[in-house]
Amino acid sequence: MCTALFVVAVSSVLALSSVQAIMKQSEFGPKLKEFVAPLHTACVTKTGIDEALIDRVINGEFIEEPIMKSYMTCLLLEGTLIDEKGEPNLELVETLIPEKIKDESLKNIKSCYVAQRDVKELEEKIFKVFKCYYELNPNIFIFF
């Protein structure tokens with residue numbers, strides 16, 4: 001259950017680096033901005049994902065491609081937002097989520113994780129949690 005919370009919280013953190021993100025970068029503090037920039041760069045390099053695919057997710061179109069699932073997983077693992085088993089680092093997540101969406105984000109994270117509790121493969125679970133989080137409230141979805 002904690003993993004789902006983490007993944008949803010992470011999804012809130014992750015949509016920041018694109019101009020097309022639903023939440024504006026101006027709505028985030030410097031800590032979050034500093035956190036996401038190197039993650040985005042590292043995971044784009046590591047996975048080889050095209051920025052156009054990232055933009056599609058930012059716009060609510062979840063691409064069921066292995067490279068997208070790898071990118072999403074990379075963001076969470078590299079940011080230490082989850083461990084290798086997919087367990088969330090909620091303490092870190094809570095420090096990054098903007099205050100105005102924190103309560104709803106954490107609630108949605110829990111809900112999405114519960115919905116995906118039977119998914120065993122880490123990349124598939126993370127993808128489904130991101131998608132669930134977006135579907136619960138696209139206005140608080142952040143992806144980068």
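The values are calculated or read from the model by the stated rules, or taken from the named source; none is laboratory data. The model shown is predicted, which means the values in this text are computed figures rather than measured ones. Virtual Cβ from ideal backbone geometry, glycine too; neighbours counted across all protein chains shown. Side chains included, ligands, DNA and RNA excluded: accessible areas come from the protein's heavy atoms. Shrake-Rupley method; radii C 1.70, N 1.55, O 1.52, S 1.80 Å.
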Residue check for I49: in contact with a Leu (Cβ under 6 Å, 6 or more places away or on another chain) and not in a helix (DSSP H, G or I) = no
Does I54 count as among the β-branched types (V, I, T) and either in contact with a Gly (Cβ under 6 Å, 6 or more places away or on another chain) or modelled with pLDDT of 90 or more (or both)?
-> yes
How many residues does region 94-128 hold that are within 18 Å of T73 (Cα to Cα), free of Cβ contacts under 8 Å to residues at least 24 places away in the same chain and surrounded by 14 or more Cβ atoms within 10 Å (Cβ to Cβ)?
-> 2
Within region 129-143, the count of residues that are under 19 Å from I54 (Cα atoms) and surrounded by fewer than 21 Cβ atoms within 10 Å (Cβ to Cβ) comes to 5
Restricting attention to region 52-62, report how many residues are open to solvent by 10 Å² or more (accessible area, probe 1.4 Å) and either of a type outside the set (D, E) or touching a residue at least 12 places away in the same chain (Cβ under 8 Å) (or both).
-> 7
Near pairs, Cβ below 6 angstrom, 6+ apart or cross-chain, from region 34-47 (basic (K, R)) to any residue that is open to solvent by less than 40 Å² (accessible area, probe 1.4 Å) = K46/C74
Leading residue by the ranking (surrounded by the most Cβ atoms within 10 Å (Cβ to Cβ)) among those in region 73-93 that are closer than 17 Å to E34 by Cα and in contact with a Phe, Trp or Tyr (Cβ under 9 Å, 6 or more places away or on another chain) | L76
